[in-house]
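A short reminder: the numbers here are calculations on the coordinates, not readings from a lab. Note that the structure is a prediction, hence the values are computed from the model and not measured. Neighbour counts run over all protein chains shown; Cβ positions are idealised from the backbone, glycine included.
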Amino acid sequence: MVSTPHRMVSGFAITRIVKFTQTTKTVKKRHLNTGNPFDFGPAWSPNVTELLLVSREHYNCHPTVAHVTSGHIQTVAQRGGYAGVTLFLDVDNFHEGSSDTPVWSMDGKSTFFTAQRKKALELLEISPGKEEKQLMQSLRGESHYHPKPSTDGHWIL
């Protein structure tokens, strides 16, 4: 569950619904239905008006923005065959990967995500109404994952 002083959200991986609850004087529930079997990793935009998540099918999901007020849901980028999981454990019967979800820029004007481009896992940025921008030119087999912008918005890990 992700929460702010005024709003909270829960995302359920196997359901088709991301639930939005506004807690002000009265409690209202709003269902944002992506129509997909897999919705995962919701995160509030810095201005708390949109949710960023991955949606579609498990291991074939893409960065998606849900506009909380209007209910409009839009896939903003394709991950080019990247399953969205970085494997790091070799343990039977255990989720051996770490889910790689997109993140908001600190000002909320763009999102950072990872995707398969050519033969490498690349770090990309996309802003509404613009083309995606590849931030790295990696060598074959290199991987960049779990993007994290600095608090001042000038750097990204």
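Peptide packing for 98-104, 132-138, 51-57, 78-84 was compared via the average number of neighbouring C-beta atoms within 10 Å per residue; ordered from the highest value, the list is 51-57, 98-104, 78-84, 132-138. Each residue in Glu131, Glu142 was given a count of other beta-carbon atoms within 10 angstrom of its own, and listing them fewest first yields Glu131, Glu142. A viscosity of 0.692 mPa s and a temperature of 37 °C, combined with the Kirkwood radius over Cα pairs in Stokes-Einstein, give a translational diffusion coefficient for region 29-143 of 220 µm²/s.
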